[in-house]
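Contents: one structure, followed by commentary.
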Amino acid sequence: MSSELPSDRSSLSELQALLLETDTLHDFLDRLAQLTAQALPEGSSCGVTVRQNSRAVTLAASDEQARRIDQLQYDFDEGPCLETLATGKPHYIADTATERRWPSFCSAAYEHGVRSCLGLPLTGPIGLVGGYNFYSMWREAFAPDTRGQLEVFADNAAGAVAVAMKLADQTQMSDDLHEALTSRAVIDQATGIIMAQQRCGAAAAFDVLRRRSEERRVGKECRS
């Protein structure tokens, strides 16, 4: 291996540091994938997959090779990553040249130079949050001791991923709320101006504002 996988305690420290150093969920996950790949045998790649709107998507990858192989699983709708997302259990391919499960994916992965694959669940406090995908150009690259170390790291990473996703959701919620409040403030200001101009009540002013908005929208549609 190019370097040792972090111990249980050091991996937690590194993940905590990543959470503090990165500004976005995607940045955190990319750094997480790169950190993991650096500790794997040469010729290895790592990706992080989650489900969004019932679709599996790669949120982060250590390199383009991981993204390509992830996409093969999505295209063929089969492979260890998808099976891990469906079952919440690890799935390992020792050699894509001889593996009989997922034949379409294994054939395509072999053509792309991938000989072994490992899918590990990322299970956080709220349950399954995604999957860790590992690919190597070498057959039987993920020996039992390596898989055990990766499973420990995945357990720690899952908690960090869950926190990062929660923070991202809260940030989006805050942005949406700010946008809604801003829009409401603009509407209230416009309504107040119309009330002053036309000496009418708030309901009548809002109705005028609504009609003008609809007229402007129809005008744009006619010009387009």
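How much length, in nm to one decimal, is gained on full extension between ARG67 and ARG101, taken as 0.36 nm per residue of separation minus their Cα-Cα distance? Walk me through the intermediate numbers first.
Numbers: separation 34, 0.36 × 34 = 12.24 nm, distance 2.10 nm.
So the chain would gain 10.1 nm between ARG67 and ARG101.
Once the piece of chain linking GLU42 and ARG199 is laid out straight, how much longer is it, given 0.36 nm per residue of separation minus the C-alpha distance between them? Intermediate results must be reported in sequence, preceding the final value.
Numbers: separation 157, 0.36 × 157 = 56.52 nm, distance 7.60 nm.
Here the segment from GLU42 to ARG199 would lengthen by 48.9 nm.
Contour minus end-to-end for ARG139 and LYS89, with contour as 0.36 nm per residue of separation and end-to-end as the Cα-Cα distance? Working shown, then result.
Details: separation 50, 0.36 × 50 = 18.00 nm, distance 2.12 nm.
Separation in residues times 0.36 nm, less the Cα-Cα distance, equals 15.9 nm.
Rank by packing, highest mean first: peptides 52-58, 140-146, 111-117, 71-77, with packing defined as the count of other Cβ atoms within 10 Å averaged across residues. Can you show the working numbers first?
Working: 52-58: 11.9, 140-146: 15.3, 111-117: 19.6, 71-77: 17.3.
Final packing ranking: 111-117, 71-77, 140-146, 52-58.
Among residues other than THR96 whose Cβ falls under 13 Å from its Cβ, what is the net charge (Lys/Arg +1, Asp/Glu -1)? Please list the in-between numbers first.
On the way: positive: ARG100, ARG101, ARG115, ARG139; negative: GLU78, ASP95, GLU99, GLU111, GLU140.
Result for the neighbourhood of THR96: -1.
Evaluated at 20 °C with a viscosity of 1.002 mPa s, what Stokes-Einstein diffusion coefficient in µm²/s does the stretch 53-166 have when Rh comes from the Kirkwood expression over alpha-carbon pairs? Can you show the working numbers first?
Values: Rh = 14.2 Å.
Translational D for this selection: 151 µm²/s.
Using the Karplus curve 6.51 cos²θ - 1.76 cosθ + 1.60 with θ = phi - 60°, what ³J(HN,Hα) values do you get for each residue of the stretch 51-65, in whole Hz, with x for Gly and Pro?
Ordered by residue, 3J(HN,Hα) equals 9, 10, 6, 6, 10, 7, 9, 8, 7, 7, 7, 6, 6, 5, 4 Hz.
Could you state, as a whole-number percent, how many of the C-alpha pairs of the stretch 113-154 are farther apart than 12 Å?
That tail contains 61 percent of the Cα-Cα pairs.
Every number here is computed from the coordinates shown, using simple stated rules; none is lab data. The model shown is predicted, which means the values in this text are computed figures rather than measured ones. Note: ideal-geometry Cβ built from the backbone for every residue, glycine included; neighbour counts use all protein chains shown.
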